[in-house]
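Single-structure report; data block below.
Since every read-out is calculated from the coordinates, none of them should be taken as a lab result. The structure presented is a predicted model; accordingly, all values stated were derived computationally and were not measured. Every residue, glycine as well, gets a Cβ built from its backbone with ideal geometry; the counts of neighbours run over all protein chains shown.
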2 protein chains.
Amino acid sequence: MSKDLYRKKTQIFKALAHPTRLFIIDKLENGECCVCEFVNELDVDFSTVSKHLSVLKNAGIIIDEKRGQQVYYTLVMRCVCTFSHCIETFLNKE
Amino acid sequence: MSKDLYRKKTQIFKALAHPTRLFIIDKLENGECCVCEFVNELDVDFSTVSKHLSVLKNAGIIIDEKRGQQVYYTLVMRCVCTFSHCIETFLNKE
DNA sequence: TGGTTATTTGGCAATTTTACCAAATAACCA
DNA sequence: TGGTTATTTGGTAAAATTGCCAAATAACCA
């Protein structure tokens, strides 16, 4: 496999490698959410949440749609959830 | 889900988020390898390879076994491969 | 138009990750 | 025992990531 493909794949894993971003993915598993919903549940600045969302968006894991004043995010790379659940099972065994 | 679980899950993703470590995982999909095999195929210092292996080992993704002078590594978190293939499919679509 | 709300962007200091070199350890063999 | 090979560990400078604040944008409403 090419170096470039490994680099691109790495970007996906890097995008997921943060507690806040994993929380966002978990919430999105059950359907779209607007930015304000994440801000309400996370104890971080709204600008920080926005930057985490843009990391996931740039990686192609989620997409955004503006409706009125709000921006809604949707999970497109659904297999992240499958893997995430596998990790949970794995962690429970230890 | 607890903050601690998110932190632990993040460690798994961080451990995977490097081109060299993804290459290692790919090779291990087909069975165990010794450190020297990775060093031969990667254009980095052997101490660097060793440190990447220890990152994966500490995350519980691979395990090691010493036989003679050599150390062999085996992939235990096999679902990483499934996800890795999903990402490849995803990247090919774009 | 002016004000309010929702979100993103720019900038920056603190923290984390990375890769190399040199040195340490460990197993084997002469 | 001494030398060689395989691997890990410690140290360090460079690069990347993070989270906050302040400022910019963008949409809505009075």
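What pairs from A:K14/B:K57; B:K14/B:K57; A:K9/B:K3; A:K8/B:K93 go past 20 Å between their alpha carbons?
As for pairs spanning more than 20 Å Cα to Cα, those are A:K9/B:K3.
To the nearest 20 Debye, how big is the dipole of the protein assembly as shown about its Cα centre, given +1 on the beta carbon of each Lys and Arg and -1 on that of each Asp and Glu?
Here the protein assembly as shown has a charge dipole of around 140 debye.
Could you give the radius of gyration (one decimal) and Dmax (whole number) of the Cα atoms in the protein assembly as shown, in Å?
Cα only, the protein assembly as shown: 17.8, 66 Å (Rg, Dmax).
Taking each label point as 7 Å beyond Cα in the direction of the beta carbon, state the distances from A:N40 to the same residue in the other copies, shortest first, in nm.
Distances between equivalent label points, in nm: 5.9.
Which whole-Hz couplings ³J(HN,Hα) result when phi for each residue of region A:41-51 is put into the Karplus expression 6.51 cos²θ - 1.76 cosθ + 1.60, θ = phi - 60°, listed in order with x for Gly and Pro?
These are the phi-based 3J(HN,Hα) values: 8, 9, 8, 9, 4, 5, 5, 5, 4, 4, 5 Hz.
Over what distance in Å are the Cα centres of region A:1-75 and region B:1-42 separated?
Result: 22 Å between the Cα centres.
Would you mind listing the distances between the A:E65 label point and the same position in each other copy? Use 7 Å along Cα-to-C-beta, nm, one decimal, shortest first.
5.1
Would you kindly derive the ³J(HN,Hα) couplings of region B:7-22 from the backbone phi angles with the Karplus curve 6.51 cos²θ - 1.76 cosθ + 1.60 (θ = phi - 60°), listing them in order in whole Hz, with x for Gly and Pro?
Rounded to whole hertz, the list is 5, 5, 5, 4, 4, 5, 5, 4, 4, 8, 7, 7, x, 4, 6, 5.
In whole percent, what relative contact order does chain B give with Cα contacts below 8 Å and a gap of six or more residues?
Averaging sequence separation for qualifying contacts and normalising by length gives 28 percent for chain B.
Per residue of region A:55-60, in order, report the coupling 6.51 cos²θ - 1.76 cosθ + 1.60 (Karplus, θ = phi - 60°) as ³J(HN,Hα) in whole Hz, putting x for Gly and Pro.
3J(HN,Hα) across region A:55-60, in whole Hz: 4, 5, 5, 4, 7, x.
Provide the three semi-axes, in whole Å and in decreasing order, of the ellipsoid equivalent to region B:26-94 as defined by the square roots of 5 times the Cα gyration tensor eigenvalues.
24, 14, 11
Note the distances from B:H85 to each other copy's matching label point, with points 7 Å along the Cα-to-beta-carbon direction, in nm, sorted shortest first.
So the distances to the same position in the other copies read 1.8 nm.
With respect to the axis carrying B onto A, what is the closest chain B residue by Cβ position, and how many angstrom separate it from the axis?
Measuring from each Cβ to the axis, the minimum is at B:F83, 2.
Name the residues whose placed amide hydrogens come within less than 5 Å of the amide hydrogen of B:C34, ignoring near sequence neighbours (fewer than 5 apart) on the same chain.
For B:C34, whose amide H was placed from the backbone, the distant partners under 5 Å are B:Y73.
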